[in-house]
Amino acid sequence: MPRAFLDHIAVTAFSLEAGAAFVSDTLGVAPQPGGEHPRMATHNRLLRLGDTLYLEVIAPNPAAPAPGRPRWFGLDGLGPQSPPSLATWVVRSTDIRASAAASSEPLGPIESMSRGALDWLITIPADGSIPLQGAAPALIEWQAAEHPASRMEDKGCALVRLEIFHPDPERASRLLSSLELEAPVFVHPAGPGGPARLVAHIDTPHGIRVL
């Protein structure tokens, strides 16, 4: 099967402003404007982490009509008091259908999405949840030769590693193996009764910061 690569990590928030402030405060670098996702009634801001890697801040778009379906990345479960968090991640594949079929976890149907001039295929669970408590990524296949990160402003940030903490680390590791992922992604036990969570170590102009 085709190899898979880390494409982006995503901070979810009830409001885009709160999510962007969380990233700015944590990393000392502000994400740049992104755009809107009409089918999901969401919008985003972006921070380049490499030639083919970036951080996304994503939130419901209050100015957009309701999507008539659950939003992706568990966004409908957030309220005004929900703190922004690094909630999910996305893996790029050259053949999303083959990768989805090989996955040891169900990642959701493959759907077509767009933002401005960008088009892509992505897996989205029908209920809008994040699989495996956030440990499982969405799969994406861009419909363009050039990765969108290459057009983002370079603010001197780079991902050092992404850590997944999960109460069933063997299950999470089995998923990564089934995807044949090539990326600095590491799985650790969350501890007895501990929730799944993601931790990103990012090199910034201010040193290594942890998100």
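Quick notes on this one:
- When the range 1-25 is limited to residues that are of a type in the set (G, A, S) and either part of a loop (DSSP other than H, G, I, E, B) or out of contact with any helix residue (DSSP H, G or I) (no Cβ under 8 Å at 6 or more places or on another chain) (or both), the one that is farthest from W72 (Cα to Cα) turns out to be S24.
- Filter result for G68 (out of contact with any Pro (no Cβ under 9 Å at 6 or more places or on another chain) and farther than 26 Å from L47 by Cβ): yes
- Residue within the range 146-153 that is among the polar types (S, T, N, Q), in contact with a Ser or Thr (Cβ under 6 Å, 6 or more places away or on another chain) and either closer than 27 Å to P33 by Cβ or surrounded by 15 or more Cβ atoms within 10 Å (Cβ to Cβ) (or both) present: no
- Qualifying positions in the range 52-66 - open to solvent by 60 Å² or more (accessible area, probe 1.4 Å) and within 29 Å of A183 (Cα to Cα): T52
- Filtered by the rule that a residue be at pLDDT below 95 and under 16 Å from D7 (Cα atoms), the range 121-138 gives G134, A135.
- Any chance R69 is closer than 25 Å to A18 by Cβ, open to solvent by less than 40 Å² (accessible area, probe 1.4 Å) and basic (K, R): no
- Selection status of R97, surrounded by fewer than 21 Cβ atoms within 10 Å (Cβ to Cβ), free of Cβ contacts under 8 Å to residues at least 40 places away in the same chain and more than 17 Å from the chain's Cα centre (by Cα): yes
- Residue match in the range 30-52 (condition: more than 27 Å from R3 (Cα to Cα), acidic (D, E) and out of contact with any strand residue (DSSP E or B) (no Cβ under 7 Å at 6 or more places or on another chain)): no
- Residue that is most open to solvent (accessible area, probe 1.4 Å) [pool: residues in the range 22-51 that are of a type in the set (K, R) and under 24 Å from P184 (Cβ atoms)]: R45
- Where strands (runs of 3 or more DSSP E) fall entirely within the range 26-125, those with at least 1 residues that are among the hydroxyl-bearing types (S, T, Y) are at 42-50, 53-60, 85-93, 110-115, 118-123.
- Residue list for the range 190-209, filter: aliphatic (A, V, I, L, M), open to solvent by less than 60 Å² (accessible area, probe 1.4 Å) and over 18 Å from the mean Cα position of the chain (by Cα): A190
- For beta carbons closer than 7 Å, sequence separation of 6+ or different chains, a first residue in the range 164-177 that is open to solvent by less than 50 Å² (accessible area, probe 1.4 Å) and a second that is part of a strand (DSSP E or B) and charged (D, E, K, R), the qualifying pairs are F165/R197.
- G156 vs. criteria open to solvent by less than 50 Å² (accessible area, probe 1.4 Å) and in contact with a Ser or Thr (Cβ under 9 Å, 6 or more places away or on another chain): yes
- Filtered by the rule that a residue be open to solvent by less than 10 Å² (accessible area, probe 1.4 Å), without any contact (Cβ under 8 Å) to a residue 60 or more places away in the chain and among the β-branched types (V, I, T), the range 112-145 gives I122, T123, I124.
The values are calculated or read from the model by the stated rules, or taken from the named source; none is laboratory data. None of the values given here were measured: they were computed from a predicted structure. Cβ sites come from the backbone with ideal geometry, for glycine too, and all protein chains shown count toward neighbours. Each accessible area value is taken on the protein alone, full model and side chains, heavy atoms only, with ligands, DNA and RNA left out. Shrake-Rupley method; radii C 1.70, N 1.55, O 1.52, S 1.80 Å.
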